[in-house]
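Everything below concerns the one structure shown next.
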Amino acid sequence: PSTTTSMHEMEAMSASTTPGRQARLLHSLEDLLSESPESVAQRERRYAGLTDGTFEQPVVLMGAGRAGARIGELLLGAGARVLAFADNAPGLHGTSRLGLPVMSPDDAARSYGTEALFVVTIWNSEHSYVETEARLRSLGCESIAPWVPVAWAFGDALLPQYAAGLPSTVLALRGDVLSQADVWADPRSAEVYRQQVAWRMSGDFADLGDVDPVQYFAADVIRPTRDEVFVDCGAYIGDTLIEFTEWAPGFRAVHAFEPDPDGYAALLETIDGFTPEARSRIHTYRSATGAGRGNRLFMGDGAGGRLVDASGDAGDLQEVQSVSLDEVLANEPVTFIKMDIEGAEREALSGGAKLIRDQGPVLALSAYHLQDDLWELPKLVRSLLPDHLLYLRPHRYDSFDCVLYAVPPDRKV
């Protein structure tokens, strides 16, 4: 598919009118999504030989963590010739995983760099695939792939994972994807949208651009007010709360929701470190935010803990309370709502629809937990806040922490 609009080209386009820029970006997306279903299906089968043992090239897995172990299990079970793990952690070198040696990247490259396909199986918010690929190439590795196209070969055994899924699913929703191409308030957001769609189609993290390090309180998107009332859905251990109080030190109130018992305990410890006067303005709720009040199942996984459907998830499940923002904050002024709740954002927006329509707060919503969050969340937000300006910013590498911002016109930078 054609993906011709780069960030450098976006900068060069700055002298043109906004409608002109938006039209070019829309055309780029149309090109991207004009690929035939047959071509997409062929790309999804690129590593199909790994599933039946007919893939001739041996494999080295770059990353011996949880993702690497799961992919390694599937590859070995399918009869693929996996030679080793490579890993950056010195403490793992010389050990074994799944009966395979764990080597340093340098040693693995010396032994197998010209022979094996190096599949990068590191996937977390602190990792850059582009940097890892460049390092492996500098060490002499000739064949390198991100883990996502390999996962396509195994279908639902590995996918979906957050926004990673099959490109054929994106292509089938072409109309929905294109419908959100021109909703963005600035060229940067429109380009980020295109990059995110391109990655969903290619599985190659190199299609994603640079990241903006300041999350939720981006200086080029939103400015604080003197009497900010912040609603933190998915407060976790209070990391965003700390950043908020630095951004808006004169805040009026905070309402922090966290359902995980361990996370909630850590949140209270974080708040204990504030001054007594600041603590008096912070209200906490050991609950999830959803469409209404009730008990839900929650799977703890640190920062990735989430509400689950018992029929489709396994693991360490516990029962937690879920509430709606419309109920809990019915009589409270609200100026800013942040949601990072692992795919439950749409449900929580539904449960706070009246509050959001009535008060028109800033919204900062994670748009990377589900493949279609990218186009479904802006559609939902525009139905609630038709006059707000929409921005999209990526804050971590490899598709993590992509945030949708909805900003009242009088609060834009």
Reported set for region 160-172 where residues are out of contact with any Phe, Trp or Tyr (no Cβ under 8 Å at 6 or more places or on another chain) and in a loop (DSSP other than H, G, I, E, B) is Pro160, Gly165
Going by what's in this entry, would Gly79 be described as out of contact with any Leu (no Cβ under 6 Å at 6 or more places or on another chain) and closer than 20 Å to Gly140 by Cα?
no
First in region 369-388 and in contact (Cβ under 8 Å) with a residue 60 or more places away in the chain and within 21 Å of Leu159 (Cα to Cα), second anywhere and in a helix (DSSP H, G or I) and not hydroxyl-bearing (Ser, Thr, Tyr), Cβ under 6 Å, 6 or more apart
Leu374/Gln196; Trp375/Asp176; Trp375/Val177
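Matching residues to (1) touching a strand residue (DSSP E or B) at 6+ places or on another chain (Cβ under 8 Å); (2) over 17 Å from Met339 (Cβ atoms); (3) not in a strand (DSSP E or B):
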{"site": "Tyr216", "(1), (2), (3)": "yes, no, yes"}
{"site": "Arg226", "(1), (2), (3)": "no, yes, yes"}
{"site": "Val231", "(1), (2), (3)": "yes, no, no"}
{"site": "Phe244", "(1), (2), (3)": "yes, no, yes"}
{"site": "Asp262", "(1), (2), (3)": "no, yes, yes"}
{"site": "Thr270", "(1), (2), (3)": "no, yes, yes"}
{"site": "Phe274", "(1), (2), (3)": "yes, yes, yes"}
{"site": "Thr284", "(1), (2), (3)": "yes, no, no"}
Only one of (1) outside any helix (DSSP H, G or I); (2) surrounded by 14 or more Cβ atoms within 10 Å (Cβ to Cβ) fails for Leu76. Which number is that?
(1)
Collect the residues in region 317-346 that are part of a loop (DSSP other than H, G, I, E, B) and without any contact (Cβ under 8 Å) to a residue 24 or more places away in the chain, keeping them in residue-number order.
Asn331
Residue satisfying condition, being within 27 Å of Gln195 (Cα to Cα), modelled with pLDDT under 95 and assigned to a loop (DSSP other than H, G, I, E, B), within set Glu11, Glu126, Glu56
Glu126
Condition check: open to solvent by less than 30 Å² (accessible area, probe 1.4 Å), closer than 29 Å to Lys379 by Cα and of a type outside the set (Ser, Thr, Tyr). Does Leu159 satisfy that?
yes
Looking only at region 180-206, which residues are β-branched (Val, Ile, Thr) and outside any helix (DSSP H, G or I)?
Val183
Qualifying positions in region 79-113 - open to solvent by less than 40 Å² (accessible area, probe 1.4 Å) and in a helix (DSSP H, G or I):
Pro105, Ala108, Ala109
Within region 125-137, is even one residue in contact with a Cys (Cβ under 6 Å, 6 or more places away or on another chain), in contact (Cβ under 8 Å) with a residue 40 or more places away in the chain and at negative phi?
no
Selection status of Leu325, surrounded by 23 or more Cβ atoms within 10 Å (Cβ to Cβ), over 30 Å from Tyr129 (Cβ atoms) and modelled with pLDDT of 95 or more
yes
Per the filter on region 244-260, residues of a type in the set (Asp, Glu) and surrounded by 15 or more Cβ atoms within 10 Å (Cβ to Cβ) are Glu258, Asp260
For Asp227, are the conditions met, namely being over 18 Å from the mean Cα position of the chain (by Cα) and either among the polar types (S, T, N, Q) or open to solvent by 20 Å² or more (accessible area, probe 1.4 Å) (or both)?
yes
Those residues that are open to solvent by 50 Å² or more (accessible area, probe 1.4 Å) and in a helix (DSSP H, G or I), I need them from region 44-53; list them, please.
Thr51
For region 352-379, name all the residues that are among the small types (Gly, Ala, Ser) and buried (at least 24 other Cβ atoms within 10 Å of the Cβ).
Gly352, Ala364, Ser366, Ala367
For a quick check of your reading of the model, give me the residue pairs whose first member lies in region 51-80 and is free of Cβ contacts under 8 Å to residues at least 12 places away in the same chain, whose second is aromatic (Phe, Trp, Tyr) and open to solvent by less than 40 Å² (accessible area, probe 1.4 Å), with beta-carbon atoms closer than 8 Å and at least 6 apart or on different chains.
none
Criterion (open to solvent by 10 Å² or more (accessible area, probe 1.4 Å), assigned to a loop (DSSP other than H, G, I, E, B) and small (Gly, Ala, Ser)) met by exactly one of Gly175, Gly209:
Gly209
Answer from Gly290, Gly273, Gly263, Gly304 - the residue that is surrounded by fewer than 18 Cβ atoms within 10 Å (Cβ to Cβ), modelled with pLDDT of 90 or more and on the phi < 0 side of the Ramachandran plot:
Gly273
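From the list Ala172, Ala185, Ala253, Ala218, exactly one residue is within 19 Å of the chain's Cα centre (by Cα) and either at pLDDT 95 or above or among the small types (Gly, Ala, Ser) (or both). Which is it?
Step by step, each of Ala172, Ala185, Ala253, Ala218 is checked, and only Ala218 is within 19 Å of the chain's Cα centre (by Cα) and either at pLDDT 95 or above or among the small types (Gly, Ala, Ser) (or both).
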So which residues in region 382-413 are small (Gly, Ala, Ser), touching a Leu at 6+ places or on another chain (Cβ under 8 Å) and farther than 22 Å from Ala164 by Cα, if there are any at all?
Ala406
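The values are calculated or read from the model by the stated rules, or taken from the named source; none is laboratory data. Quick caveat, the model's predicted, so the values are computed rather than measured. We place every Cβ from the backbone using ideal geometry, glycine too, and count neighbours over all the protein chains shown. Just the protein is used for accessible areas: all its heavy atoms, side chains included, with ligands, DNA and RNA removed. Shrake-Rupley method; radii C 1.70, N 1.55, O 1.52, S 1.80 Å.
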